[in-house]
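Novice: Below you will find the structure I want to go over with you.
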C-alpha cells in the first residue's frame with residue numbers, strides 16, 4: 001500500500017485531496033490503495049455529506065472563533081478537527097477486498113484493524129457504535145466512508161492532544177447518538193489518546209503495511225474539486241434554512 005504524509009495549506013484543499021485519491025484509484029488500470037495521514041494547522045468544522053448545519057453546528061461560536069465550516073463527501077455527523085487531531089484516509093480496493101462493498105462490513109474491517117494496531121499500546125481500545133473507536137466508553141475516533149464502483153474511501157479522526165472543550169463550543173449534541181453515549185456532553189464523552197503522534201502514525205502504517213512512500217499525488221483533481229465543490233457555498237451550506245446567516 002502507498003503511504004502519503006501530506007497536509008495541504010487550506011481546509012478545502014485537504015478535504016478535496018481525500019476525494020481526489022478516491023477518484024484517482026477509480027480511474028487507474030489496476031487496484032490502487034493508499035493510506036494518507038494529515039493534521040489541520042487550525043481548527044475546522046467538517047460536516048457529513050447530509051448533515052444539517054443548524055442542527056449540528058453553533059454557527060455563532062464558529063464565526064466568533066473564525067472557524068470555517070466545510071462539508072466532506074462521506075456521511076456521518078459534524079466533527080471539529082485541528083492541531084492535536086490526526087486525520088487519516090484510506091483508499092481501499094473493493095476488487096481485492098470484496099466484503100468492503102457492504103458499509104457495515106467496511107466499518108467492522110477498518111475499525112478492527114486500527115483497534116488491533118493500537119491495543120498493544122492501549123489495551124482498552126474498543127469498537128463502539130456504528131463507526132466509533134473508544135477508550136473504554138469514551139470516544140477518540142469518528143469515522144465515515146464513501147463507496148464508489150471499485151474503491152472505498154474510509155477516513156476519520158484520531159484525537160490525541162486536542163482541546164476538547166472547544167468541541168462543546170462549536171458543535172451541538174448530534175441528532176443521532178450511539179447507545180453507549182447515554183446523552184453525555186461532548187466533554188464527558190470524548191477523550192484524547194494518551195499517545196504521541198509518532199506512535200499513532202507508526203501503528204497505522206504498520207497495520208496497513210503502507211511502506212511504499214508516495215511523493216506524487218493528484219494535484220489537478222484536487223484543484224478541480226476545490227474549485228467545483230469544497231470552496232462553494234452551494235456544497236458546504238446545502239440544506240441550510242433560508243434566513244440563516
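Novice: Look at residue 152 and say whether it is at pLDDT 95 or above and within 15 Å of the chain's Cα centre (by Cα). Write out each step before concluding.
Specialist: Working: at pLDDT 95 or above: yes; within 15 Å of the chain's Cα centre (by Cα): yes.
Yes: the conditions hold for residue 152.
Novice: Hey, another quick one. Starting from the stretch 196-214, keep only residues that are at negative phi and in a strand (DSSP E or B), then list their pairs with residues that are exposed (fewer than 11 other Cβ atoms within 10 Å of the Cβ) and modelled with pLDDT under 95 whose Cβ atoms are within a distance under 7 Å, requiring at least 6 positions of separation or different chains.
Specialist: none
Novice: If residue 51 satisfies every condition in (1) in a loop (DSSP other than H, G, I, E, B); (2) touching a helix residue (DSSP H, G or I) at 6+ places or on another chain (Cβ under 7 Å); (3) buried (at least 21 other Cβ atoms within 10 Å of the Cβ) but one, which is the exception?
Specialist: (2)
Novice: For the stretch 121-162, give me each residue that is in contact with a helix residue (DSSP H, G or I) (Cβ under 8 Å, 6 or more places away or on another chain) and without any contact (Cβ under 8 Å) to a residue 12 or more places away in the chain.
Specialist: Listed by number, the residues that qualify are 125, 126.
Quick grid of which residues meet (1) closer than 23 Å to residue 176 by Cα; (2) in contact (Cβ under 8 Å) with a residue 40 or more places away in the chain; (3) more than 14 Å from the chain's Cα centre (by Cα):
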{"site": "3", "(1), (2), (3)": "no, yes, yes"}
{"site": "16", "(1), (2), (3)": "no, yes, no"}
{"site": "38", "(1), (2), (3)": "no, yes, no"}
{"site": "41", "(1), (2), (3)": "no, yes, yes"}
{"site": "51", "(1), (2), (3)": "yes, yes, yes"}
{"site": "57", "(1), (2), (3)": "yes, yes, yes"}
{"site": "65", "(1), (2), (3)": "no, yes, yes"}
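Novice: Of all residues in the stretch 215-234, count the ones that are surrounded by fewer than 17 Cβ atoms within 10 Å (Cβ to Cβ) and not in a loop (DSSP other than H, G, I, E, B).
Specialist: Count: 8.
Novice: If you don't mind, another one. Do you know which residues across the stretch 123-164 are under 20 Å from residue 196 (Cα atoms) and outside any strand (DSSP E or B)?
Specialist: 123, 124, 136, 160, 161, 162, 163, 164
Novice: All but one of (1) loosely packed, with under 14 Cβ neighbours inside 10 Å; (2) in a loop (DSSP other than H, G, I, E, B) hold for residue 63, so report the exception by its number.
Specialist: Looking at each condition in turn, residue 63 falls short on (2).
Novice: I need the full set of residues from the stretch 67-119 which are in contact (Cβ under 8 Å) with a residue 60 or more places away in the chain, exposed (fewer than 14 other Cβ atoms within 10 Å of the Cβ) and more than 19 Å from residue 134 (Cβ to Cβ), in order please.
Specialist: Hits for the stretch 67-119 are 83, 95, 96.
The values are calculated or read from the model by the stated rules, or taken from the named source; none is laboratory data. These numbers were taken from a predicted model, which means no experiment stands behind them. Virtual Cβ from ideal backbone geometry, glycine too; neighbours counted across all protein chains shown.
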